[in-house]
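Working notes, structure below.
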Amino acid sequence: MDTTPTPAASNVPEYAVSEIAGAVRRTLEGAFGRVRVRGEVCEAKRYPSGHWYLSLKDENAKLESVIWKTTVPRLAIQPENGVEVIATGRITTYADRSKYQLVIDRLEFAGEGALLARIEMLRKKLLAEGLFEEDRKRPLPRLPAVVGVVSSEAGAVIQDIRTTILRRFPRRVILWPVAVQGKGGAEKIAAAIAGFNALPAGGPIPRPDVLIVARGGGSLEDLMAFNEEVVVRAAAASAIPLISAVGHETDTTLIDFASDRRAPTPTAAAELAVPARADLLADLAQREARLRGAMVRQMRAAETVLLRLERRLPDVPARVADLRRRLDEAEEGLAPALASFVRRRHEALARLPIPHPRAGIAARRATLALLEGRKGAAFARLVQRAQGARALQAFSAAPLAGLLREKAARLAGLAARLESGSYQSVLARGFALVRDAQGHALTRAAQVAPGAKLQVAFADGEVAATAEGEALKRGRSPKTPPAQESLL
C-alpha cells in the first residue's frame, strides 16, 4: 500500500527568475519613464570601453548610474566626483545582479551652488600646481605690432576692441572666431590660444605680440567655458602675453587667475594692449623738454667753469711778447758769451802741464840709475849675510848683471822709438802744428775759413795768425815751402 503523501493543492503561481526580472523591469520603466534626478556624483569612472559608471547620492540613499559611450559626446559636462548635478534619463534594471540603475542621457550642474563648488575645486587644484603664481606672469609689450583676439565674431566685443585700438593707437588686429559658450566652447577657446602660439614668426599670418581672450557679460552658466581646465591650462601655457576680459567687472573666471593681466571689460583689455598715442606724444614732449632743460643747464655750468678758467689764464700775447724779448736779448749775448767761453777753455788748456818726452826719458833714466845703485848695495849686503865660504864662492852675480844689461838696452831702444815718434821731434825738423781758435788741430786747408783765428805751434813756441784768402783745392802753392805745412 503506497503511503507517500500527495502535495497539497496551491493557487500561488510559479515564475521563472527571468520572468520576475522582466516583470520588475517593466514595472520600473512603466512607473517612472524618464526622470530627472538630483544628487552628488561619486564613484565616477570611465572604462576602456568608453562607458561611464557612477553613482548619484544624497544624505539618505545612493543610485547607481551609467552613461553609454554613444551618449558621452553629447553631454554638456563631464562627470566629476563631488559635484552636484541633475541627471536626466530612465530607470531600468540590471537583471544579472538584481540591481536597478539610471541610464543617463543628459547631465547638467545642479544650480549655481554646484557650479561654484566645482569651480572652487578646480581652482584649488590648479593653484596647488602653481598655475596662478605671480612669477609666471609676463609683462605686456610696450607697443605691439599685432594684437590677437579670441572671441566671437558676431558679438559687440570685437567691435569694441577694434574701435578702442583704432582710437588709441591703430594696430593690426587678428580675430580667431570661437564659440564662447555652449558645448565644445572650452575646447575651441583652448585651441585658438594654442593656434596663435603656433604661428611662426615671419609667416604669412603674423604672430601676435599680445592676446586678448574676451567675452561679454552673462550668467555663470554662460561663462563656464572660461572656467574649464583645458582653457585655464592653455592660458597658462601661452608664450604670448595674454589679457583676459570675460564678462563684466564683477565677473571672475579661472582664466583671470592664469592670464598675465585681467581686464574688467573688453574695452579695458584693448586699452591695456595698446597705449594712447596722445599720451605717448605728451610723454615724449615732456621728456624732450626735460632733456633740453638739462642740456641747457649743463652748457651754462660748463660756460661758467670756462669763464672762471679764462680769468685764471695769463695774458698769452703779452707772455709771448715777453718771451720773444728775452729770446732776442739772449741771442745778442750769445756770441760774446760763446767767444768768452772758448777763450777760457783755451787758456785752461794752455795752463795744463804737458811734459816733454825728453823729460820723461830723463826721469826713467834717473830711476834706472837709482835702481842700479840700490842693486849694488843689496848685493853687498847679501854677500855679507852669506854663511860659509863655499856658499859665497858658489854665488855669482853674472846672471843678474846680464838681465839688467838686457833690460837697460830694451829701455834705451823704447826711448829712442818714443823720441822719434814724438811730434816735438817732427816740429824740430821744421814742421808746424796749426790749431783753430778752439784748440782743434787742422789737417786740411779746406778746414780754414778766410779770416779765421789760428794758433801755429813751432818747436820753440807758438804764434797767433789770421787766415787770408781761400785755400787751394788742388796741389800746393809753389811759393809755400814744405816747412810751413800743417801736421797733426
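The values are calculated or read from the model by the stated rules, or taken from the named source; none is laboratory data. Keep in mind that what you see is a predicted model, and the values were worked out from it rather than measured. With ideal geometry, Cβ positions are generated from the backbone for all residues, glycine too; neighbour counts draw on all protein chains shown.
Miscellaneous remarks
- In the set (1) touching a residue at least 60 places away in the same chain (Cβ under 8 Å); (2) assigned to a loop (DSSP other than H, G, I, E, B), ARG123 fails one condition alone, (2).
- Within the range 105-120, considering residues that are touching a residue at least 40 places away in the same chain (Cβ under 8 Å) and assigned to a strand (DSSP E or B), the one farthest from the chain's Cα centre (by Cα): LEU107
Every residue, every condition in (1) of a type outside the set (Asp, Glu); (2) part of a loop (DSSP other than H, G, I, E, B), yes or no:
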site	(1), (2)
ARG167	yes, no
ILE174	yes, no
ALA179	yes, yes
ALA194	yes, no
GLU221	no, yes
PHE226	yes, no
VAL231	yes, no
ILE243	yes, no
ASP251	no, yes
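- For the range 66-91, a residue qualifies if it is in a strand (DSSP E or B) and not hydrophobic (A, V, I, L, M, F, W, C), and the qualifying residues are GLU84, THR88, GLY89, ARG90.
- For first residues located in the range 176-198 and within 23 Å of PRO241 (Cβ to Cβ), partners that are surrounded by 22 or more Cβ atoms within 10 Å (Cβ to Cβ) and charged (D, E, K, R) and lie 6+ apart or on another chain with Cβ distances below 7 Å form the pairs VAL180/ARG215; ALA186/GLU228.
- Any hit, the range 110-118, residues being under 30 Å from ALA23 (Cα atoms) and in contact with a strand residue (DSSP E or B) (Cβ under 8 Å, 6 or more places away or on another chain): no
The rows are residues; the columns are (1) of a type in the set (D, E, K, R); (2) assigned to a helix (DSSP H, G or I); (3) in contact with a Leu (Cβ under 8 Å, 6 or more places away or on another chain).
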site: PRO275; (1), (2), (3): no, no, yes
site: ALA289; (1), (2), (3): no, yes, no
site: ALA294; (1), (2), (3): no, yes, no
site: GLU331; (1), (2), (3): yes, yes, no
site: LEU334; (1), (2), (3): no, yes, no
site: PRO353; (1), (2), (3): no, no, no
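- Any chance LEU63 is modelled with pLDDT of 90 or more, in a strand (DSSP E or B) and either exposed (fewer than 11 other Cβ atoms within 10 Å of the Cβ) or of a type in the set (A, V, I, L, M, F, W, C) (or both): no
- Test for ARG319: is it at pLDDT 90 or above, over 30 Å from GLY218 (Cα atoms) and either within 41 Å of the chain's Cα centre (by Cα) or surrounded by 10 or more Cβ atoms within 10 Å (Cβ to Cβ) (or both): no
- Just one of (1) surrounded by 14 or more Cβ atoms within 10 Å (Cβ to Cβ); (2) under 30 Å from LYS124 (Cβ atoms); (3) in contact (Cβ under 8 Å) with a residue 12 or more places away in the chain fails for THR252. It is (3).
- Here SER259 passes the criteria (1) under 44 Å from the mean Cα position of the chain (by Cα); (2) at pLDDT below 90 except the one numbered (2).
- All conditions but one from (1) buried (at least 17 other Cβ atoms within 10 Å of the Cβ); (2) touching a helix residue (DSSP H, G or I) at 6+ places or on another chain (Cβ under 6 Å) apply to LEU223; the one that does not is (2).
- Test result for ALA289, at pLDDT 90 or above and in the same structural domain as PRO241 (by TED's automatic domain parsing): no
- Test result for ILE161, surrounded by 15 or more Cβ atoms within 10 Å (Cβ to Cβ), closer than 23 Å to PRO275 by Cα and within 43 Å of the chain's Cα centre (by Cα): yes
- Scanning the range 128-161 for residues that are free of Cβ contacts under 8 Å to residues at least 40 places away in the same chain and either more than 21 Å from ASP256 (Cα to Cα) or touching an Asp or Glu at 6+ places or on another chain (Cβ under 9 Å) (or both) yields GLU153, ALA154, GLN159.
- Unmet criterion (only one of (1) closer than 18 Å to PHE169 by Cα; (2) in contact with a Lys or Arg (Cβ under 9 Å, 6 or more places away or on another chain); (3) of a type in the set (D, E, K, R)) for ASP283: (2)
- Residue in the range 155-171 that is of a type in the set (Gly, Ala, Ser), over 21 Å from LEU254 (Cα atoms) and at pLDDT 90 or above present: no
- Residue, farthest from PRO144 (Cα to Cα), within the range 193-225, restricted to residues that are at pLDDT 85 or above and charged (D, E, K, R): ARG215
- Restricting ALA145, ALA186, ALA179 to those that are within 29 Å of ALA76 (Cβ to Cβ), surrounded by fewer than 19 Cβ atoms within 10 Å (Cβ to Cβ) and hydrophobic (A, V, I, L, M, F, W, C) reduces the list to ALA179.
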